[in-house]
1. If I build a Gaussian network model for the chain, linking alpha-carbon pairs within less than 10 angstrom, which residue out of 20, 50, 42 has the largest mean-square fluctuation?
2. Tell me, in nm to one decimal, what length is gained between residue 79 and residue 116 on full extension, where the rule is 0.36 nm per residue of separation less the Cα-Cα distance?
3. For the chain, what does the helix formula give at 222 nm: sum of -39500 (n - 2.57) over DSSP H segments with n ≥ 4, over the residue count, nearest 500 deg cm²/dmol?
4. Quick one: if you stick a label point 7 Å off each Cα along the C-beta vector at residue 141 and residue 34, how many nm between them?
5. For the stretch 88-147 and the stretch 34-61, what is the separation of their C-alpha centers, rounded to whole Å?
6. Taking Cα pairs under 8 Å and at least six residues apart, what relative contact order does the chain come out at, in percent?
7. Per 0.36 nm of contour for each residue apart, how much would the distance between residue 86 and residue 42 grow if the chain were fully extended, relative to their Cα-Cα spacing?
8. In percent, how large is the relative contact order of the stretch 14-81, given Cα pairs closer than 8 Å and 6 or more residues apart?
């Protein structure tokens with residue numbers, strides 16, 4: 001398994017199973033978060049964190065040993081996902097993490113904007129319970145999604 005996080009790459013004793021990846025969901029809808037959390041826990045993921053906005057995200061990132069994947073709602077109230085992405089890419093702890101835009105806005109223009117902004121993947125809402133864990137494993141292995 002290949003992680004983008006430099007700490008992961010430099011630690012030869014790190015457990016490279018995707019279930020040991022550090023995943024953050026930035027989502028303001030508590031129902032959406034709870035569904036994804038339950039699916040990931042059931043699939044065996046152990047390090048899954050949530051923030052309802054970008055406000056305290058950097059504090060969380062600095063408290064974790066690594067960041068492998070961020071699922072970032074681009075339609076957050078206040079500071080939108082594009083602004084949060086800039087801060088994530090500027091921070092050394094999350095700069096190389098795989099960051100996926102998550103949104104109900106599936107217009108082609110939105111996908112282009114997300115790609116141009118520096119997102120690694122694009123996942124449309126509603127999140128598909130039968131696919132999200134496989135998508136996460138694929139993103140952790142370096143694959144990108146743009147649907």
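All of the numbers you see were taken from the coordinates with simple rules; none came from a lab. Remember, it's a predicted structure, so these values are computed and weren't measured experimentally. Don't worry about glycine lacking a Cβ; one is built from the backbone with ideal geometry, like all the others, and counts go over all protein chains shown.
1. Taking springs between Cα atoms under 10 Å, the residue moving most is 42.
2. Extra length from residue 79 to residue 116 when fully extended: 11.5 nm.
3. After summing the helix terms and dividing by residue count, I get -10500 deg cm²/dmol.
4. The two pseudo-label positions are separated by 3.3 nm.
5. Cα centres, the stretch 88-147 to the stretch 34-61: 15 Å.
6. Answer for the chain is 25 percent.
7. 12.7 nm
8. 44 percent
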